[in-house]
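Written out below as structure tokens is the structure these notes cover.
The values are calculated or read from the model by the stated rules, or taken from the named source; none is laboratory data. As the structure is a computational prediction, the values presented were derived from the model and not from experiment. Virtual Cβ from ideal backbone geometry, glycine too; neighbours counted across all protein chains shown.
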Amino acid sequence: MIDLSSNIRQVIEGEDVALFMKGTPHMVMCGNSMRALEALRRAGAPISAVDVLPDPAIRQELSAQSGWPTIPQVFVRGELIGGADIVEELEASGELERTLEEKLGPDYRDEREERTLAVTSFAAP
Amino acid sequence: MATDSIRTLLAEAFPDASELDVEDRTGTGDHFQVTVASARFQGLSLLEQHRLVNEALATPLADGTIHELRIKTKGGAA
């Protein structure tokens, strides 16, 4: 039996930048998820993406933990940054990069990578 | 229809709003862009500002009336 709740918490707290989205970076299934992904890419962020679509329980559990009702959701080192609108606005003002530098260090762009994580045993890799 | 009820919910939550706009982005009654300018946002982070809007629209977000929501808040700058 998988413990979805603790898997989600582990991603939020363990990943530098966690992006909970509809689809994956290679196959984005929603315009807002795309906007958040592209803003993170422009900022040069390392991205650990989780697709919420394989199981509706992922989204329910995520929103219960974050108190945020919509997808996508972006976390930096465990802290909720916001959804697509906020991430876009912060990127445009340069604040997103400042936050990433503060939390991940000035060389965060060197670790730039994109990967997709699964929080259920049934999720596609 | 949904546009009106969203506008009503926002007007109740932000009675002081100097700007309050709800746009049905796709014409399908479930993808919305809302814009709210309110003194309540003053001093709050973007996250907190959007949280107030999300809270005002908690019911239509939870029951699926709103499939996609875009939020623009104004008035946060101190």
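Structural remarks
- Checking B:58, B:13 one by one, the residue that is exposed (fewer than 15 other Cβ atoms within 10 Å of the Cβ) and modelled with pLDDT of 95 or more is B:58 and no other.
- Sole exception among (1) within 21 Å of residue A:113 (Cβ to Cβ); (2) at pLDDT below 95; (3) among the small types (Gly, Ala, Ser) for residue A:45, by number: (2)
- Extreme residue, nearest to the other protein chains (Cβ to nearest Cβ), among residues of region B:41-58 that are polar (S, T, N, Q) and in contact with a Ser or Thr (Cβ under 8 Å, 6 or more places away or on another chain): B:54
- Of the helices (runs of 4 or more DSSP H) lying entirely inside region A:11-118, those carrying at least 2 residues that are surrounded by 20 or more Cβ atoms within 10 Å (Cβ to Cβ) and in contact with a Lys or Arg (Cβ under 9 Å, 6 or more places away or on another chain) are A:31-42, A:84-93, A:95-104.
- Pairing each residue of region A:72-100 that is more than 10 Å from chain B (Cβ to nearest Cβ) with any residue that is part of a helix (DSSP H, G or I) and among the polar types (S, T, N, Q), provided the two are 6+ apart or on different chains, yields C-beta distances under 9 Å for A:72/A:32; A:72/A:33; A:73/A:63; A:73/A:66; A:75/A:66; A:76/A:99.
- First in region B:1-29 and free of Cβ contacts under 8 Å to residues at least 24 places away in the same chain, second anywhere and surrounded by 15 or more Cβ atoms within 10 Å (Cβ to Cβ) and among the aromatic types (Phe, Trp, Tyr), Cβ under 7 Å, 6 or more apart: B:20/B:14; B:22/B:32; B:23/B:32; B:24/B:32
- Any hit, region B:29-40, residues being crowded, with 16+ Cβ neighbours inside 10 Å, outside any loop (DSSP other than H, G, I, E, B), basic (Lys, Arg) and within 10 Å of another protein chain (Cβ to nearest Cβ): no
- Output for region B:61-78, where each listed residue is more than 10 Å from every other protein chain (Cβ to nearest Cβ) and touching a helix residue (DSSP H, G or I) at 6+ places or on another chain (Cβ under 9 Å): B:65, B:74, B:75, B:76, B:77
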